[in-house]
Amino acid sequence: MRRSLFGQIYMYFTVVILLSILGVGIVSYIQSSRALDDQVERYISQLIRHSTSQTESYLRRYELASDSLLSEDAVKQFMEMDPDDSYRFYELTQTIQKNLFRKTFIAYPSVHSITIIGDHGKAVIDDNQNWSTYTDFDPERSLAYITAKVPPDGKIAIFRNDGEQDREKTITIARRIRGFASYAPKGVLAMEIKTEQLAPLWDMADLGPSATFFIVDESGRIVYEPASSALTEADMIAALSRLTGATERSEVIPLVGEPTLFVARESSYLKWKMIVSFPVDELRRPVDSIRTTTWAVGLATLLIALLLAYRFGRTITRPIRSVMEGMRETEKGIWSRLEDQGRDDELGGLIHRYNLMVSRLSEMIDYVYDAELKQQKSELELQRSRFERQQAEFQALQLQINPHFLYNTLETINCYAIVQDSDEISEIVEAMAFMLRYSVQTHLEEITLVNELNHVRNYMVIMRHRLGNGFELDVAVPPSLLLRHMVRLTLQPLVENALQHAFQGGMEPHHFIRIDAEETEEEIRVIVEDNGVGMHAAKLAALRAKLSDDAAEAEAAVAASSAVPAGGATRTILRRGGIGVVNVHRRIRMVYGDGYGLAIESEEGRGTRFTMRMPRRR
């Protein structure tokens with residue numbers, strides 16, 4: 001039974017699709033693991049927020065208790081008593097201890113001790129146990145220590161105690177006490193609470209033996225840590241240095257090579273940081289078995305896929321390599337047939353078609369190669385001839401001016417005129433020299449509009465002396481267009497044409513020749529217009545026909561556009577200086593293409609308007 005290549009590809013691609021499904025399963029598993037990690041992190045953050053809220057609520061109760069003590073008259077009177085009055089001191093001490101402290105101890109059993117210290121150095125202190133505990137109490141040292149912790153505005157301060165070992169596990173709630181007759185602070189009130197009383201609140205954050213919950217105060221000291229902690233104090237301090245900044249933050253920090261997740265939240269009321277640490281390996285342990293199974297199945301599937309891909313590749317690439325070898329021989333000019341290899345599928349048909357193609361191509365390749373080579377040679381010769389003809393034609397059009405040696409001669413004449421103090425001759429010769437220098441620059445096809453206007457200015461200097469008439473040109477070109485490019489030696493011939501043909505009876509005061517320019521999105525237009533005699537319709541039509549005739553000879557165009565009435569000596573001089581309207585049109589089209597050139601508008605008795613259209617250079 002014939003096995004088609006399509007059947008083989010279909011089978012292998014089925015296997016590939018199955019592998020893709022497994023790949024999607026692995027990716028889904030990875031994404032699920034990440035989602036589980038995020039969920040655990042959110043759960044820890046929620047526990048911290050809950051513990052923070054419970055701690056703040058718990059400590060606010062003692063702030064209310066301190067409010068009630070501060071409002072008592074006996075406390076205020078104690079602040080302002082005479083420190084030398086022993087009887088008054090004894091009386092107020094008994095009142096405060098029996099009537100205030102005892103009630104507070106009953107209402108708040110978690111309070112370890114209460115201390116009131118006045119600025120005068122006297123103190124009242126009591127606890128729920130034994131007065132002898134405070135026989136070594138130093139009021140002045142305690143006052144200085146607590147005053148440094150408490151803000152002067154009367155707000156509460158909560159901090160961990162320094163001192164002996166028995167007192168290191170207590171938290172002090174302290175605030176300023178104001179006097180009875182004065183609003184100024186007269187002393188401090190301090191309530192001590194053992195951290196073991198707060199431990200049940202913080203033990204609610206128990207996440208297992210590997211997790212650690214600890215609290216750090218505003219100064220970076222550890223307020224609370226569990227009895228059995230997986231972290232050392234150095235680990236806690238190192239983690240704290242990485243968790244500064246945001247109110248709530250989580251970060252994985254490597255501790256002794258083991259990455260550990262830390263989640264911290266700062267209490268806005270206490271300015272403490274509640275921090276939970278949890279080893280990353282412990283977080284991901286529930287999915288380790290699934291991960292192992294997934295990797296095992298994925299590895300086995302990968303091996304099977306590689307085996308199938310290898311067999312599939314060998315089946316497909318063996319005949320294709322034979323075809324490639326045959327093509328390499330064909331590139332060398334050796335037209336050899338391939339062995340059939342006994343295949344009856346699509347690849348066997350490919351080899352058969354290749355052999356048939358080689359047989360037919362070997363008969364035609366020589367003829368096609370020779371014909372194409374001849375055609376390419378003919379096209380190259382035609383393009384070279386066309387380019388040389390166009391270049392020669394362009395050079396011929398530009399060289400229809402006086403020879404270059406005249407420039408040197410005019411320079412010599414200018415020197416003699418300067419020596420003889422003849423300013424008129426010097427001005428004429430200098431202008432003519434500039435014109436000749438500008439004209440002999442045959443290597444430049446394009447020039448800026450301002451250079452063309454300067455060329456026209458030199459031409460007008462000569463014409464004013466030759467005609468003896470003080471006429472002027474009206475130049476209305478916007479300054480922004482002065483640096484636009486145009487074909488060289490195209491503006492002066494149009495001005496010369498206007499002088500030659502527009503004012504046959506001479507220029508009167510009301511006559512003008514205006515040069516203007518405008519710009520569109522695609523074109524630059526330079527306009528030369530006059531209000532002379534204009535052209536009759538027949539002459540205008542003939543001139544437009546010459547401009548539209550690509551086969552017209554340049555010399556005939558120059559002769560037609562430069563024709564003047566016979567017998568005029570001035571007209572003869574003007575004709576010799578012009579290049580011709582048709583010449584200008586041809587030069588523009590040779591540089592920019594057939595889409596551009598010269599346009600003429602004229603009305604007999606009202607003047608003529610020449611418009612040079614050139615592409616805009618962006």
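The values are calculated or read from the model by the stated rules, or taken from the named source; none is laboratory data. As the structure is a computational prediction, the values presented were derived from the model and not from experiment. A quick note on method: Cβ atoms are made from the backbone with ideal geometry, for glycine too, and the neighbour counts reach across all protein chains shown. Surface areas here come from the heavy atoms of the whole protein model, side chains and all, with no ligands, DNA or RNA. Shrake-Rupley method; radii C 1.70, N 1.55, O 1.52, S 1.80 Å.
Tabulated data for the structure shown
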{"item": "Which listed residue, of Glu452, Glu411, Glu427, Glu445, is under 24 Å from Ile588 (Cβ atoms), surrounded by 14 or more Cβ atoms within 10 Å (Cβ to Cβ), at pLDDT below 85 and not polar (S, T, N, Q)", "result": "Glu445"}
{"item": "Identity of the residue in the range 460-476, assigned to a loop (DSSP other than H, G, I, E, B) and open to solvent by 20 Å² or more (accessible area, probe 1.4 Å), that ends up nearest to Gly506 (Cα to Cα)", "result": "Asn469"}
{"item": "Qualifying residue in the range 84-100 (condition: open to solvent by less than 10 Å² (accessible area, probe 1.4 Å) and in a helix (DSSP H, G or I))", "result": "yes"}
{"item": "Within the range 509-523, tally of residues that are touching an Asp or Glu at 6+ places or on another chain (Cβ under 8 Å) and either open to solvent by less than 30 Å² (accessible area, probe 1.4 Å) or within 16 Å of Val581 (Cβ to Cβ) (or both)", "result": "2"}
{"item": "Some residue of the range 273-280 being open to solvent by 20 Å² or more (accessible area, probe 1.4 Å) and modelled with pLDDT under 75", "result": "yes"}
{"item": "Residue match in the range 499-507 (condition: under 23 Å from Ile588 (Cβ atoms), at pLDDT 90 or above and either open to solvent by 10 Å² or more (accessible area, probe 1.4 Å) or of a type in the set (S, T, N, Q) (or both))", "result": "no"}
{"item": "Enumeration of residues in the range 51-79 that are assigned to a helix (DSSP H, G or I) and over 30 Å from Pro200 (Cα atoms)", "result": "Asp73, Ala74, Val75, Lys76, Gln77, Phe78, Met79"}
{"item": "Odd one out for Ile447 among (1) of a type outside the set (Phe, Trp, Tyr); (2) in a helix (DSSP H, G or I); (3) within 24 Å of Glu522 (Cβ to Cβ)", "result": "(2)"}
{"item": "Number of positions in the range 489-508 that are outside any helix (DSSP H, G or I), closer than 15 Å to Gly580 by Cβ and of a type outside the set (Ser, Thr, Tyr)", "result": "1"}
{"item": "Scan of the range 513-538 for residues that are assigned to a strand (DSSP E or B) and out of contact with any helix residue (DSSP H, G or I) (no Cβ under 9 Å at 6 or more places or on another chain), ordered by number", "result": "Arg514, Asp516, Glu523, Arg525, Ile527"}
{"item": "Count of residues meeting criterion [under 60 Å from the mean Cα position of the chain (by Cα) and loosely packed, with under 15 Cβ neighbours inside 10 Å] in the range 63-83", "result": "2"}
{"item": "Subset of the range 190-217 that is closer than 20 Å to Tyr62 by Cβ and either in a strand (DSSP E or B) or at pLDDT 75 or above (or both) - its residue that is most open to solvent (accessible area, probe 1.4 Å)", "result": "Lys194"}
{"item": "Of all residues making up the range 295-313, the number that are open to solvent by less than 90 Å² (accessible area, probe 1.4 Å) and at pLDDT 70 or above", "result": "5"}
{"item": "Answer from Pro493, Pro479 - the residue that is under 27 Å from Tyr596 (Cα atoms), modelled with pLDDT of 90 or more and open to solvent by 50 Å² or more (accessible area, probe 1.4 Å)", "result": "Pro479"}
{"item": "Selection count where residues are under 18 Å from Lys332 (Cβ atoms) and either hydroxyl-bearing (Ser, Thr, Tyr) or not in a helix (DSSP H, G or I) (or both), scope the range 351-389", "result": "4"}
{"item": "Where His112 falls short, out of the listed (1) touching a Pro at 6+ places or on another chain (Cβ under 9 Å); (2) at pLDDT below 85; (3) not in a helix (DSSP H, G or I)", "result": "(1)"}
{"item": "All positions within the range 266-280 that are polar (S, T, N, Q) and closer than 14 Å to Ala239 by Cβ", "result": "Ser277"}
{"item": "Residues of the range 576-617 satisfying the condition of being without any contact (Cβ under 8 Å) to a residue 40 or more places away in the chain and within 48 Å of the chain's Cα centre (by Cα)", "result": "Arg589, Gly593, Gly595"}
{"item": "Residue pairs meeting the criteria (Cβ under 7 Å; at least 6 apart or on separate chains; first hydroxyl-bearing (Ser, Thr, Tyr), in the range 482-494; second modelled with pLDDT of 90 or more and assigned to a strand (DSSP E or B))", "result": "Thr490/Met612"}
{"item": "Answer residue from the range 169-193, given it is closer than 18 Å to His120 by Cα and among the hydroxyl-bearing types (Ser, Thr, Tyr) and is nearest to the chain's Cα centre (by Cα) among those", "result": "Tyr183"}
